[in-house]
Amino acid sequence: MNYITENNQILHLIIRVPKEDAAFFYFQLEANEGICFYSTLENSMKESYRDITVTAHIGLEEELMHIISKLQQSHKLEILKKEIKEDAQI
């Protein structure tokens, strides 16, 4: 992959987290400041889980996936979607 193409790509995940674990999941993402942006999807707010959209620069994929992998060892996290998108703003 060439440098210019890689700079235009972002990793997009949708992760399902049990409602009781959501605050801890958010805390872990915030503790690793600068790795990603996240937001809770509105349609999961009345459910027993939270669907969270997470985006990160493709260059941070390994670090982000390591964090998620470690969290999966102790919490029930499900990756519903994992895709690489072109950043339309660049």
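Could you tell me whether any residue of the range 7-18 is loosely packed, with under 12 Cβ neighbours inside 10 Å and outside any strand (DSSP E or B)?
Checked the range 7-18: no residue is loosely packed, with under 12 Cβ neighbours inside 10 Å and outside any strand (DSSP E or B).
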Worksheet item: Out of all the residues in the range 19-39, which are exposed (fewer than 15 other Cβ atoms within 10 Å of the Cβ) and either in a strand (DSSP E or B) or touching a strand residue (DSSP E or B) at 6+ places or on another chain (Cβ under 8 Å) (or both)?
Response: K19, F37, S39
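Can you spot a residue in the range 34-53 that is aromatic (F, W, Y) and within 12 Å of the chain's Cα centre (by Cα)? Before the answer, list the steps.
Taking the range 34-53 and keeping what is aromatic (F, W, Y), we get 37-38, 49.
If we keep only those that are within 12 Å of the chain's Cα centre (by Cα) as well, we get 37-38.
The answer is yes, given that some residue of the range 34-53 is aromatic (F, W, Y) and within 12 Å of the chain's Cα centre (by Cα).
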Response to the item:
Within the range 77-89, the residues that are touching a strand residue (DSSP E or B) at 6+ places or on another chain (Cβ under 7 Å), open to solvent by 90 Å² or more (accessible area, probe 1.4 Å) and either assigned to a loop (DSSP other than H, G, I, E, B) or under 12 Å from R16 (Cβ atoms) (or both) are E78
Worksheet item: Can you spot a residue in the range 60-76 that is part of a loop (DSSP other than H, G, I, E, B) and touching a residue at least 40 places away in the same chain (Cβ under 8 Å)?
Response: yes
Item to complete: Keeping to the range 45-67, report how many residues are open to solvent by less than 50 Å² (accessible area, probe 1.4 Å), in contact with a strand residue (DSSP E or B) (Cβ under 7 Å, 6 or more places away or on another chain) and closer than 15 Å to Y26 by Cα.
Response: 8
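The values are calculated or read from the model by the stated rules, or taken from the named source; none is laboratory data. These numbers were taken from a predicted model, which means no experiment stands behind them. Please note: Cβ atoms are built from the backbone with ideal geometry, for glycine as well, and neighbour counts cover all protein chains shown. Side chains included, ligands, DNA and RNA excluded: accessible areas come from the protein's heavy atoms. Shrake-Rupley method; radii C 1.70, N 1.55, O 1.52, S 1.80 Å.
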